[in-house]
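Single-structure report; data block below.
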Amino acid sequence: MAARFEGLDFYDIDSLLSEEERMVRDTIREWVEDRVVPIIGDAYVERRFPTELIPEIGELGMLGANLPAEYGCAELNNVCYGLIMQELERGDSGVRSFVSVQGALVMYPIYAFGSEEQRQEWLPGLASGEKIGCFGLTEPDYGSNPAGMITRARETADGWVLNGTKMWITNGSMADVAVVWAQTGEAGDSRGIRGFVVPTDAPGFSARDQKGKLSLLASDTSELVLITQGQLLCLRLGRLKDEGKMTPQQVSLAKRANVDMACDIAREARRLLGANGILAEYASMRHMANLESVYTYEGTHDVHSLILGQTVTGVSAF
């Protein structure tokens, strides 16, 4: 008898997931199909983030989903978190980027490194979507080399004063709080880099929408002025993170391999659709353009290659 693959799950990945993990995935999958897919094409063409979805995103527990319940979060495991991101990415990179930035780059640093006062002040509102956060690391001249950042923080009698500019900041112009990274020591010394929780109504803070984008058009991106192999790889990475065994090199391998694979698939899908492939009502061109940004951010493809090369050979080519 010929093999039968239900839903094209060739390696029966569903059997590797717990009942809770499957329930979380299916809930978000249904929401994406009902609420994101029907509107995201128009939002992309209109170059706007669908802010009307934010309350629902909060209600479904997607924001900071793997953080403790005492701060209003869902307290799911990291595999559940990854499954949420996978389903959101199927809808659009811009929506997934909003959720992952809010949870992983804003809420997690506040939870892991902030004071209890900061956690109580920001995390419940960020978890519900009533507050929006952004993560200020990349600068006009420095992205993959944060040790070269120009933004400076100087301690005064009244507190810290930050001076600098950040670029390509998801959620920047609609944020209530920014986690901003700055040099407190000598230039080029990564040991002197600190993160600061900055309310966006602080004196001197401004945000300007990024103009001229040809990717992530349904995402708020700003300048701040102060798939089956892939699924198995991500599942294994999530389990390792839950077990406290994950390494940065494993993250580099997963990010590099899966984004490269996704780019190839999106380009091929656009090609196979012929002329229809460039239309907004067909998702392939939108995903293809969005993935060009994902290929670069959170460590460029080439930087992850250098990290893996150093791990394998013991020789640094940075």
Original post:
If you check 303, 251, 259, which single one turns out to be among the aliphatic types (A, V, I, L, M) and either touching a helix residue (DSSP H, G or I) at 6+ places or on another chain (Cβ under 6 Å) or more than 24 Å from residue 105 (Cα to Cα) (or both)?
Top reply: 259
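Here is a list: 253, 240. Which entry is at pLDDT 90 or above, surrounded by 13 or more Cβ atoms within 10 Å (Cβ to Cβ) and either on the phi > 0 side of the Ramachandran plot or not charged (D, E, K, R) (or both)? Spell out the reasoning first.
Numbers: 253 fails: at pLDDT 90 or above.
Only one candidate passes the filter, namely 240.
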**OP:** Select from the range 121-132 the residues that are open to solvent by 20 Å² or more (accessible area, probe 1.4 Å) and not hydroxyl-bearing (Ser, Thr, Tyr) and write down the one among them that is farthest from residue 89 (Cα to Cα).
**Re:** 121
Original post:
Counting just the residues of the range 294-303 that are open to solvent by 30 Å² or more (accessible area, probe 1.4 Å) and within 17 Å of the chain's Cα centre (by Cα), which one comes out nearest to residue 316 (Cα to Cα)?
Top reply: 300
Original post:
For residue 49, all conditions in the list (1) over 22 Å from residue 169 (Cα atoms); (2) in a loop (DSSP other than H, G, I, E, B); (3) of a type outside the set (Lys, Arg) hold save one; what is the number of the exception?
Top reply: (1)
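How many residues, within the range 24-46, are open to solvent by 50 Å² or more (accessible area, probe 1.4 Å) and either in a helix (DSSP H, G or I) or at pLDDT 95 or above (or both)?
Just the residues of the range 24-46 that are open to solvent by 50 Å² or more (accessible area, probe 1.4 Å), to begin with: 26-27, 29-30, 33-35, 37-38, 42, 45-46.
Subset that is either in a helix (DSSP H, G or I) or at pLDDT 95 or above (or both): 26-27, 29-30, 33-35, 37-38, 42, 45.
Residues that pass the stated criteria total 11.
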**OP:** Residues being more than 16 Å from residue 251 (Cβ to Cβ) and not in a helix (DSSP H, G or I): count how many of those fall in the range 297-318.
**Re:** 5
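When the range 113-140 is examined, which residues are found to be among the acidic types (Asp, Glu) and either in a helix (DSSP H, G or I) or touching a strand residue (DSSP E or B) at 6+ places or on another chain (Cβ under 7 Å) (or both)?
First, the residues of the range 113-140 that are among the acidic types (Asp, Glu): 116-117, 121, 130, 139.
Hits for the range 113-140 are 116, 117, 121, 139.
Do we find that residue 159 is buried (at least 17 other Cβ atoms within 10 Å of the Cβ) and at positive phi in this structure? Show your work before the answer.
Numbers: buried (at least 17 other Cβ atoms within 10 Å of the Cβ): no; at positive phi: yes.
Judged against the criteria, residue 159 is not a match.
Against the condition open to solvent by 50 Å² or more (accessible area, probe 1.4 Å), polar (S, T, N, Q) and modelled with pLDDT of 95 or more, how does residue 118 come out, does it pass?
Numbers: open to solvent by 50 Å² or more (accessible area, probe 1.4 Å): yes; polar (S, T, N, Q): yes; modelled with pLDDT of 95 or more: yes.
When the stated conditions are applied, residue 118 passes them.
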Original post:
Is it the case that the range 129-145 has a residue that's over 17 Å from the mean Cα position of the chain (by Cα) and farther than 30 Å from residue 291 by Cα?
Top reply: no
Original post:
If you check residue 179 against the conditions, is it modelled with pLDDT of 75 or more and of a type in the set (Val, Ile, Thr)?
Top reply: yes
**OP:** Read through the list (1) in contact with a strand residue (DSSP E or B) (Cβ under 7 Å, 6 or more places away or on another chain); (2) among the hydrophobic types (A, V, I, L, M, F, W, C); (3) not in a helix (DSSP H, G or I), then give the number of the only condition that residue 110 fails.
**Re:** (3)
Subject >> Which listed residue is assigned to a loop (DSSP other than H, G, I, E, B), at pLDDT 95 or above and surrounded by fewer than 19 Cβ atoms within 10 Å (Cβ to Cβ), from 70, 56, 75 >> reply: 75
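Got a sec? Which of 35, 47 is basic (Lys, Arg), more than 18 Å from the chain's Cα centre (by Cα) and at positive phi?
Details: 35 fails: at positive phi.
Being basic (Lys, Arg), more than 18 Å from the chain's Cα centre (by Cα) and at positive phi holds for just one of 35, 47, which is 47.
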**OP:** Would you check if residue 266 is open to solvent by less than 70 Å² (accessible area, probe 1.4 Å), closer than 22 Å to residue 42 by Cα and assigned to a helix (DSSP H, G or I)?
**Re:** yes
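Any residue in the range 113-130 that is among the small types (Gly, Ala, Ser) and in contact with a helix residue (DSSP H, G or I) (Cβ under 6 Å, 6 or more places away or on another chain)? Outline the logic, then answer.
Going through the range 113-130, the residues among the small types (Gly, Ala, Ser) turn out to be 114-115, 125, 127-129.
Right, trim to in contact with a helix residue (DSSP H, G or I) (Cβ under 6 Å, 6 or more places away or on another chain) and you get 128-129.
Yes: the range 113-130 contains one or more residues that are among the small types (Gly, Ala, Ser) and in contact with a helix residue (DSSP H, G or I) (Cβ under 6 Å, 6 or more places away or on another chain).
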Original post:
Does the range 81-99 include one or more residues that are part of a helix (DSSP H, G or I), over 25 Å from residue 281 (Cβ atoms) and open to solvent by less than 30 Å² (accessible area, probe 1.4 Å)?
Top reply: yes
Subject >> Where a residue in the range 172-184 is part of a loop (DSSP other than H, G, I, E, B) and its partner, wherever it lies, is surrounded by fewer than 23 Cβ atoms within 10 Å (Cβ to Cβ), with Cβ under 6 Å and at least six apart >> reply: 175/200; 176/131; 176/200; 184/153; 184/192; 184/194
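The values are calculated or read from the model by the stated rules, or taken from the named source; none is laboratory data. All of these numbers come straight from a predicted model, not from anything done at the bench. Because the Cβ atoms are built from the backbone with ideal geometry, glycine has one as well, and the counts that use them run over all protein chains shown. Just so you know, the surface numbers come from the protein's heavy atoms only, side chains and all, with ligands and any DNA or RNA stripped out. Shrake-Rupley method; radii C 1.70, N 1.55, O 1.52, S 1.80 Å.
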